[in-house]
Amino acid sequence: KLEKAKGADITDKALGVVREIFKETARVRFEGNGYSAEWHKEAAKRGLPNAKNTPAALEVLSEKAVVELYETYKVLNKAELAAKKEIRLETYAKIKEIELKLIKDMALTGVIPALARQIAEFGGAREALASAKAGTKALEDRLRSLGDVLSSLYAGVDAVDAVLEKASALDAHHKAVLLAEKGVAALDGLRAACDEAEVAVDNRQWPYPKYREMLFL
């Protein structure tokens with residue numbers, strides 16, 4: 001009986017601690033998707049800090065309270081924190097530049113040529129139907145659609161080039177900020193155009209593994 005009483009007492013105390021922790025962390029706990037717009041709205045509503053990209057998150061290393069905390073416990077001094085921030089900004093910028101250059105290269109050397117071959121193939125089919133005096137409307141519509149995707153791809157490449165050119169003249173901080181905002185937007189835009197092309201281009205023409213192949217084959 002005594003052992004059971006002790007066991008029950010420990011359980012009650014543990015549950016009491018859990019209840020207190022649950023109450024104390026209510027303001028920062030979020031059960032939804034932390035990557036969604038829903039979280040951004042919820043964070044603002046709760047008055048919580050919400051850095052939306054790496055450069056914004058690294059700004060915390062320059063805050064007075066953070067510097068004082070590091071210096072109080074002799075972990076890093078102000079100069080060392082500034083250096084740490086600079087190194088991380090440079091690393092982030094280099095990674096983003098690599099991503100932008102890579103997707104541009106893939107678009108120019110793989111996606112666009114594959115789409116052009118698809119357009120040429122459909123164009124030949126349209127000419128064959130026209131010479132046979134058969135209906136060509138379906139292929140004409142398809143060709144227009146493919147032409148729109150091609151335009152989106154070239155526009156995406158131009159957007160990436162513009163960001164990279166502008167970034168080349170900036171210091172580490174401003175470069176990282178630019179790449180986190182306009183660089184990511186350009187990357188997403190070109191990526192979306194490549195995704196459209198992947199769906200539109202025949203498997204025989206497509207130069208890269210398709211998503212369904214990587215996931216299921």
ask   = Name the pairs: first residue in the range 63-80 and at negative phi, second residue acidic (Asp, Glu) and assigned to a helix (DSSP H, G or I), Cβ to Cβ under 9 Å, at least 6 apart or on different chains?
value = Tyr70/Glu80; Asn77/Glu71; Lys78/Glu71
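Results for (1) more than 17 Å from Asn203 (Cβ to Cβ); (2) basic (Lys, Arg), shown as yes or no for each residue.
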| position | (1), (2) |
| --- | --- |
| Leu89 | yes, no |
| Lys94 | yes, yes |
| Ile103 | yes, no |
| Thr109 | yes, no |
| Ala116 | no, no |
| Ala120 | no, no |
| Gly124 | yes, no |
| Glu127 | yes, no |
task = Among residues belonging to the range 188-202 that are out of contact with any Leu (no Cβ under 9 Å at 6 or more places or on another chain) and under 11 Å from Leu115 (Cα atoms), point out the one that is most open to solvent (accessible area, probe 1.4 Å).
result = Val199
Pick from the range 124-145, criterion of a type in the set (A, V, I, L, M) and open to solvent by less than 50 Å² (accessible area, probe 1.4 Å), ranking: nearest to the chain's Cα centre (by Cα) = Leu143
query = In the range 160-177, what residues are without any contact (Cβ under 8 Å) to a residue 40 or more places away in the chain, over 22 Å from Cys194 (Cβ atoms) and assigned to a helix (DSSP H, G or I)?
reply = Lys166, His174
ask   = Regarding Glu99, is this residue acidic (Asp, Glu) and over 25 Å from the mean Cα position of the chain (by Cα)?
value = no
request  = Filter the range 182-197 down to residues that are charged (D, E, K, R) and either closer than 16 Å to Lys101 by Cα or in contact with a Lys or Arg (Cβ under 6 Å, 6 or more places away or on another chain) (or both), then give me how many there are.
outcome  = 3
ask   = So which pairs qualify, if the first residue must be in the range 110-135 and in contact (Cβ under 8 Å) with a residue 24 or more places away in the chain, the second must be open to solvent by less than 50 Å² (accessible area, probe 1.4 Å) and of a type in the set (D, E, K, R), the Cβ gap must be under 7 Å, and the two must be at least 6 apart or on different chains?
value = Gln118/Asp202
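The values are calculated or read from the model by the stated rules, or taken from the named source; none is laboratory data. All of these numbers come straight from a predicted model, not from anything done at the bench. All Cβ positions, even for glycine, are placed from backbone atoms using ideal geometry, and neighbour counts span all protein chains on display. SASA here: full protein model, heavy atoms, side chains in, ligands and nucleic acids out. Shrake-Rupley method; radii C 1.70, N 1.55, O 1.52, S 1.80 Å.
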